[in-house]
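Here's the structure we're looking at; comments come further down.
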Amino acid sequence: MLQIQDVTKNYQNFVALEHINLEFENGIYGLLAPNGAGKTTLLKLITTLLFPTEGKILYDGVEIRKLDALYREKLGFLPQDFGYYREYTPEKYLHYIGVLKGMERRELQDKIGQMLELVGLSEHKNKKMKKFSGGMIQRVGIAQALLNDPQILVLDEPTAGLDPGERMRFRKILTSLSKDKTVLVSTHIVSDVEFIANHIVMLKDKKVHCNDTVENICKKLEGSIFETVVEEEELSGWEERYQVVSRRREGRDIVIRFISRNGRQGWQPVKPGLEDVFLFLYGKE
Amino acid sequence: MPEKHCGKGGIADERQRRGIYGGRLEKGEEKEQAVRAAKVLLSETAKPDFAGFMIDTFVNIGVKQLYAGMADVISIAFVITVLSVYLLVQVMLDKGESIYAAAFCSAPLLYAGIFVLSWIKERGSGSYELQMSCKYTFFHVLAARMLGECFLGFVFNGMYAFALALRYRADGIRLFAVSFSSLMLFSLLFAAGLLWGRGIRSALCCCGGWFLINFLFLFFAPAVYGRLLQELPVLLFIGVGVCGMCLHIRQLMSITAPSFRKEYTNAANTRCY
């Protein structure tokens with residue numbers, strides 16, 4: 001189990017995270033927050049790229065700073081800006097990363113084959129990565145993160161650059177892995193985690209705003225999300241009065257989905273989704 | 001979990017108890033076991049030693065992986081070094097300086113060349129974050145490469161000491177000893193810059209400082225410089241080189257230690273590397 005105990009992180013005088021308390025067990029955790037909310041800092045703390053200014057991060061009761069290489073051996077990480085060597089083939093690149101991860105060379109060769117198969121790059125294993133598309137590069141990134149069969153898998157914006165088919169495939173992979181691993185997915189794309197995450201962690205104002213299941217988080221907005229039909233000229237007035245989370249055109253009219261504490265006649269109450277919560281929390285940011 | 005008779009109520013009670021609290025009890029036991037195991041492993045890994053460092057460097061990472069994709073860097077550094085050494089020797093001999101002074105000044109060129117070029121290439125790849133999350137971090141690779149560069153410099157200096165000795169009928173052993181001590185002093189200073197300044201920039205400043213001091217010394221006190229290198233005992237140079245090597249390996253081990261990584265990342269919060 002990974003525990004974050006009262007962690008604060010300052011960059012000189014700037015406070016990036018304040019008194020964060022979290023516990024991660026096996027399963028998928030979606031870390032949702034808009035850009036600049038401290039997601040990446042939190043992930044960097046978990047992956048030992050940064051050290052907390054205050055507080056501790058524990059893995060199975062021991063500080064990760066003390067576990068050092070033992071902890072990193074259990075870690076798989078896909079950074080937001082995933083660095084790679086343009087002249088390398090994916091096979092050569094995975095071999096290099098596998099060695100740095102401390103994997104046995106005999107085991108490594110088999111594992112590279114499996115990972116390339118998993119991300120659908122077997123046919124391209126001998127092509128130089130400089131010829132790859134953004135989506136293919138991202139798939140190599142996912143493969144390297146999974147290479148050492150990590151106990152803790154940390155993925156920072158993993159679906160960036162993937163097409164819808166690749167995203168679906170990626171979600172399938174994550175779901176199959178989450179049984180015996182802690183998977184942490186940081187994203188600002190709600191649909192990436194809405195249907196696969198067991199827990200959602202939302203950050204706001206440098207603190208944990210909520211940490212719960214999708215169902216429980218959405219319950220908090222129950223009875224506050226409505227849909228109604230408005231004319232195009234009225235739309236700006238509605239946007240001023242209410243937080244409009246989405247709009248779609250139906251003929252000459254526009255159907256808006258919005259948040260309001262109380263319902264009125266003519267407003268159709270709808271079931272809140274995670275996206276509604278996200279926009280409710282961060283809409284104005 | 002083996003079942004055992006637990007006094008009052010026996011197995012049935014124990015089953016019931018586990019039924020109610022089972023998950024929590026098992027989880028608690030697992031956690032305790034994990035903590036114990038981690039503490040045992042901690043005691044085993046707390047002290048990085050020389051053998052461990054060498055095994056990590058040359059066996060677990062391996063020379064092939066350390067310099068994978070670095071053929072261009074090594075070739076360019078090698079060509080630059082050969083040209084620089086040639087020019088330096090010509091210029092210094094034209095000015096009537098000793099061949100030993102030329103050997104001393106040019107000995108760390110290959111080390112510095114490979115380091116700077118490989119660092120530029122590594123930085124360009126943007127793989128720092130990923131490497132820092134691996135068992136062998138960016139610093140393990142950095143330290144291992146620095147050791148490798150020492151070795152390459154040592155071999156290269158040996159070869160050119162031999163070539164200079166033949167060409168200029170100089171004392172080959174003295175040339176080799178002078179270049180060896182120079183390389184190791186430079187490596188020491190370079191790693192000290194990295195450790196003290198907690199950044200590559202400070203190491204590069206030390207590197208520039210070393211060349212600058214040598215050239216200033218050569219410019220303002222050429223006679224003293226030449227005489228020192230020609231007249232100090234060869235054993236002294238070898239002794240300085242060996243001591244330098246031992247200290248340098250200790251420095252490299254410090255670079256891979258968690259404490260340095262923490263200081264470095266804290267200092268690097270506002271910069272790229």
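When each of A:Asp68, A:Asp149, A:Asp163, A:Asp110 is scored by the number of other beta-carbon atoms lying within 10 Å, the sequence from fewest to most is A:Asp110, A:Asp163, A:Asp149, A:Asp68. To the nearest 10 degrees, how steep is helix A:164-177 against the longest Cα principal axis of chain A, on a 0 to 90 scale? Value to nearest ten degrees: 70. Against the longest principal axis of chain A, how steep is helix A:134-146, in degrees 0 to 90 to the nearest 10, with axes from Cα atoms? Roughly 60 degrees, rounded to the nearest 10. How would the range B:218-261 be classified by its alpha-carbon gyration tensor: rounded, prolate or oblate, with rounded meaning a/c under 1.5 and the a/b versus b/c comparison settling the rest? Oblate, because a/c is 1.5 or more while a/b does not exceed b/c. Here is the list for the range B:138-181: trypsin sites (Lys or Arg not before Pro) lying in DSSP coil, each with at most 12 other C-beta atoms within 10 angstrom of its C-beta, are B:Arg169.
Ordered by the number of other Cβ atoms lying within 10 Å of each residue's own Cβ, fewest first, A:Ile20, B:Ile213 fall into the sequence B:Ile213, A:Ile20. Beyond 29 Å in Cα-Cα separation lie the following of the pairs A:Lys204/B:Lys262; A:Lys56/A:Lys271; A:Lys101/A:Lys131; A:Lys56/A:Lys219; A:Lys127/B:Lys121: A:Lys56/A:Lys271; A:Lys56/A:Lys219. Distance from the Cα centroid of the range A:228-244 to that of the range A:250-284 is 11 Å (rounded to whole angstrom).
Taking one quarter of the surface of the C-alpha convex hull of the range A:2-218 gives a mean projected area of 11.9 nm².
The fewest-to-most ranking of B:Glu231, B:Glu129, A:Glu234 by surrounding Cβ atoms within 10 Å reads B:Glu231, A:Glu234, B:Glu129.
B:Phe180 sits among other residues whose Cβ lies under 15 Å from its own Cβ, and their net charge, with Lys and Arg +1 and Asp and Glu -1, is -1. When Rg and the Kirkwood radius Rh are both evaluated on Cα atoms of the protein assembly as shown, their ratio Rg/Rh stands at 1.10.
Taking Cα atoms only, the orientation of helix A:105-118 departs from the longest principal axis of chain A by about 30 degrees. A simple spin-label model places pseudo-atoms 7 Å from Cα toward Cβ; at A:Lys125 and A:Asn26 they are separated by 2.9 nm.
With 20 Å as the limit on Cα-Cα distance, the pairs of A:Lys74/A:Lys181; A:Lys111/B:Lys135; A:Lys128/A:Lys172; A:Lys92/A:Lys179 that go past it are A:Lys128/A:Lys172; A:Lys92/A:Lys179. Mean per-residue shielding of peptide B:59-66 is 3, counting Cβ atoms of other chains within 10 Å of each Cβ. Quarter the surface of the alpha carbon convex hull of the range A:220-282 and you get the mean projected area, 4.2 square nanometres. Given the C-alpha centroids of the range A:28-85 and the range A:143-193, what is the distance between them in whole angstrom? A separation of 15 Å, based on Cα centres. Neighbouring Cβ atoms from other chains, within 10 Å of the Cβ of residues in A:61-74, number 5 on average. Rounded if a/c is under 1.5, else prolate if a/b beats b/c, else oblate: with a ≥ b ≥ c from the C-alpha gyration tensor eigenvalues square-rooted, which is the range A:109-159? In terms of gyration-tensor shape, oblate.
Rule-based calculations on the coordinates, nothing more; no lab input. Just so you know, these numbers come straight off a predicted model, no measurement behind them. Ideal geometry is used to build each Cβ from the backbone, glycine not excepted, and the neighbour counts take in all protein chains shown.
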